[in-house]
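Taken together, the values in this text are just the output of simple stated rules run on the coordinates, not laboratory data. If you're wondering where the values come from, they're calculated on a predicted model, not measured in any experiment. Cβ: placed from backbone, ideal geometry, glycine included. Neighbour counts: every protein chain shown.
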Amino acid sequence: MKHSKHRGWRYLMIATIVFFLGAGAWYFILPIQQAKQLEHSVIEKFGWATRYTPPADGVIQPHRLERFIRVRETVQDSCSVFQDIMDNVIRIESLESDPDLSAGQKVFEGLDSLKSMFSAAPTFLEFMDARNSALLTEEMGLGEYIYIYLAAYAEQLSLEPQGRYAGQEEAYLSPRARKEFVQILGNQLAALQSANPGQDDSTLALVAGLQAEMAALEEGSHASPWPDGPPSGTAESLAPYRDRLSPLYCEGVVRVEVLQKNKGFRLEG
């Protein structure tokens, strides 16, 4: 009877552990699945980012910029939370060399910063969901969003190596993102050459500019596109919106901004 009772408690403990492990896994897996579903909805509606063809002359229409700005406004809360997490990463990295803190203070501040860092994964998913939901609402695909983002914030992106997040990889475009943008510029180049077979001086200048930027991104001499600013037609279309666009740039969160989690992912079947 006593052995039977012990076995009963043992089975109950095992069942409890299994339950909490399963619940914990579900707690993390479900949001990831939902995020994938949402991004796939964007891809299904507008196509893969690399298939986007920008306007041949690079001029971004006002109504598309208005939509882009509304998407930027939607992600601002998540951007701020991400920056707080990155600030805590930097703080942890600097604690050991801080001569003004005692060992006890370093432990206390380190644990406090770690608490914030634990929210990195949920914050990442929240950002992706906010961005992708806004893209669906604004009828904008990832390719167009990435194109406008990299053109609108070209100068800010080039300053990241001197910014407060210079040592964090999140502050820079990934090699994959640069490669994808080269494909987008290639689509623009093909459209430009097809639309202007005669190629006047302005077209020739834009063709040369696109080819040079694609080469610079491919060879790695440009860490981000257009460090001196986008081509004149694109820059002129962005100029009236500079005062609204600049405050919506989120320093240090570049890698996440243009990330596609669903590359190669399919839900069919």
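Structure values in brief
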quantity: Residue-wise HN-Hα coupling along segment 58-67, computed from phi with Karplus coefficients 6.51, -1.76, 1.60 (Hz; x: Gly, Pro); calculated: x, 7, 8, 5, x, 5, 6, 5, 4, 5
quantity: Tensor-based shape of segment 122-174 (alpha-carbon gyration tensor, a/c under 1.5 rounded, otherwise prolate or oblate); calculated: oblate
quantity: Karplus-derived 3J(HN,Hα), 6.51/-1.76/1.60, for each residue of segment 200-205, Hz, glycine and proline x; calculated: 6, 4, 5, 5, 4, 5
quantity: FRET efficiency, Glu155 to Gln37 (Cβ-Cβ, R0 35 Å, nearest 0.05); calculated: 0.45
quantity: Simple Cβ-charge dipole of segment 131-269, Lys/Arg +1 and Asp/Glu -1, about Cα centre, in debye nearest 20; calculated: 500 debye
quantity: Three-way shape label, segment 184-244, alpha-carbon gyration tensor, a/c 1.5; calculated: oblate
quantity: Highest-first arrangement of 200-208, 127-135, 32-40, 248-256, where packing means the average Cβ count within 10 Å; calculated: 127-135, 248-256, 32-40, 200-208
